[in-house]
Amino acid sequence: MTLDDEHSDGSVNGRTKGSLEIQIPLLLSSTDDNSDDNGDPSIASNQPGRPTPQRQSSLSHPRPDGTPRTTNRVRFDLIEGQNVQHPEEWMEEEDYLESPSNSQHAPLLTDITPPAQSPFLSDSFQPEDYLPDARPKSGMRSAFMNMANSIIGAGIIGQPYAFKQAGLTVGVILLIGLTITVDWTIRLIVINSKLSGADSFQATMQHCFGSSGLVAISVAQWAFAFGGMIAFCIIVGDTIPHVLEALIPGLRDLPFLWLLTDRRAIIILFILGISWPLSLYRDIAKLAKASTLALMSMLIIIVTVVTQGPFVDPDLRGSVSGMLFVNDGFFQAVGVISFAFVCHHNSLLIYGSLKTPTLDRFATVTHYSTFISLVACLVMALAGFLTFGDRTKGNVLNNFPSQGHILIQIARLCFGLNMLTTLPLECFVCREVMNNYWFPEEPYQPHRHLIFSSALVVSAMGVSLITCDLGAVFELIGATSACALAYILPPLCYIKLSTRSWRTIPAVLCMMFGVAVMTVSLILAMKKIIKNEGEPQQC
């Protein structure tokens, strides 16, 4: 009887009882078999009488106790209750399987959080922190509402004053020309972002000009947005108390309710009650409904000026003779119109809020927003200037009598409420600038978000409580930050990022125009401050 035992190298021990073991490899080529048979006649003589060895399972072979069935396979023969002492450095092995003494005791998974303790099950888990596409997005209509509201803000009320400064004909040409320029530079910011691979205006400037560019754009954006927040707070305090007093006669004499006629009390109540909660939103897309209400209020203001202007007392009207073509306030008019149309600090925020952010879709939003803003500003400017002429004030609603028609009071109320919903948009910009400058690579932190938002709103409100005439200061900020954001920095980045061609010629011309306007406006603003030409105001 012949017994076969399998070895790890694939050979078989042929063993006859009482005889020596002869190893016969199973995997032999035909040439090797022939050579072996010819070389060993003893084996050849025995080959015909002996059957071909067959592979058999090792389970059928008798083996001594304790001998492993498969010696070269993984063994799990841990003894229960046996405490194995491991050296301290066993956890430092690069690969646990490389250590033969510890291979059977190496853990399969290390530092794995149990499913019950997964952060994804926590109530504080925010999917948008890990998945950018999970953040709320807005459609084309909502993006249009946000951009149009950012443009049609406090500046629209000063468009009749811009026509008074530049003259009727030049004012119309200037308004149309600056609208086309602003439409182009808004889209140019997104194009620059694509060319530089950056996701913000600040990052684009830093990519082009290093740390100096980051500082320049951060100061310009923050100053313009924060100045707008202060102006909105002042407008709230200058409009709503007079409206409430006109709508509710004798309100000043009522106990406790007299606070509703106090400017500072109204600012604190409305800013902390309406603007501050809206500013705590993390995504600009959530302000779409508030922006829609703001646009409706601006429509009421335009209708009021157009319909109530012809019924104004003749003593309040002014003359338009001598101002039908051109006037000597060209650069002042450029500043007023630019302040109204500058929304470049919101452009990338609005672009990022689109569900499908493409250049074509953003261009469509920009075209519609600027066109609607142009129509609104043109109607407001013509109606106000042709009614009040050389008596037109910076706020055309102040040309109407304080106790005028009920529609005038509603328009003033709508203007004040519009500022309450526009202020959070400027707070978004200030907060974004601060995060990108101080914490560019850190994830979203709720506590930092709350601190920044609250500090911005409270500080802007505090400045508005101690003054109500920031005309000269705002002219100084507008002459620098508005011109830089609209006419200088976007074309400057485009020239830096693109190759020299005919496409850069408009960028060079726009930048030269912005530098000229900034220089002249800055000189005029400083002259006004030095000579104290502004009218004194008392809050």
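The values are calculated or read from the model by the stated rules, or taken from the named source; none is laboratory data. Nothing here was measured: the structure is a model prediction, and the numbers come from that model. When we count neighbours, we look across all protein chains shown, and the Cβ atoms used for this are built from the backbone with ideal geometry, even at glycine. The accessibility values were calculated without ligands, DNA or RNA, using every heavy atom of the protein model including side chains. Shrake-Rupley method; radii C 1.70, N 1.55, O 1.52, S 1.80 Å.
Within the full protein context, the accessible area of TRP258 is estimated at about 120 Å² for a probe radius of 1.4 Å. Note that the stretch 369-443 presents 38 Å² accessible area per residue, ligands and nucleic acids not counted, probe 1.4 Å.
What the Cβ-Cβ distance of LEU497 and ILE410 gives, at R0 = 45 Å and to the nearest 0.05, is a FRET efficiency of 0.40.
Quick one: if the Förster radius is 25 Å, what FRET efficiency do LEU195 and PHE439 give, using the C-beta to C-beta distance and rounding to 0.05? Efficiency computed from Cβ-Cβ geometry: 0.50. Here the calculated FRET efficiency for LEU251 and ILE523, from their Cβ-Cβ distance with R0 = 56 Å, stands at 0.75, rounded to the nearest 0.05. Residues within the reach of a label modelled at VAL306 (point 7 angstrom out along Cα to beta-carbon, backbone nitrogen below 20 Å), restricted to the stretch 350-379, are 368-379. Between ARG282 and TYR368, what length in nm is gained on full extension when 0.36 nm per residue of separation is reduced by their alpha carbon distance? Length difference between fully extended and current span is 28.4 nm. Under the simplified labelling scheme, the ARG141-LYS393 pair shows an inter-label distance of 3.8 nm, with each label point 7 Å from Cα along Cα→Cβ.
Using the Stokes-Einstein relation with a Kirkwood hydrodynamic radius computed over Cα pairs, the translational diffusion coefficient of the stretch 304-352 at 20 °C and a viscosity of 1.002 mPa s comes to 146 µm²/s. Computed extension gain for THR467 through VAL326, at 0.36 nm per residue and net of the alpha carbon distance, reaches 47.3 nm. Computed across the stretch 139-531, the Kirkwood hydrodynamic radius from all distinct Cα-Cα pairs reaches 21.5 Å. Projected label points at ILE530 and VAL515, each 7 Å from Cα along the beta carbon direction, are separated by 2.3 nanometres.
Computed in the context of the full set of protein chains, the accessible area of the stretch 139-531 at 1.4 Å probe radius has 69% of its extent on carbon or sulfur.
Spacing of the modelled spin labels on LYS355 and ILE505, each 7 Å from Cα toward Cβ, amounts to 4.2 nm. With a cut-off of at most 16 other beta carbons within 10 Å, and DSSP calling the residue loop, which trypsin sites (Lys or Arg not before Pro) in the stretch 353-421 qualify? Please list them. The qualifying sites are LYS355, LYS393. Net charge near LEU269: determine it from the other residues with C-beta under 14 Å of the C-beta of LEU269, scoring Lys and Arg +1 and Asp and Glu -1. Charge balance in the 14 Å sphere: +1.
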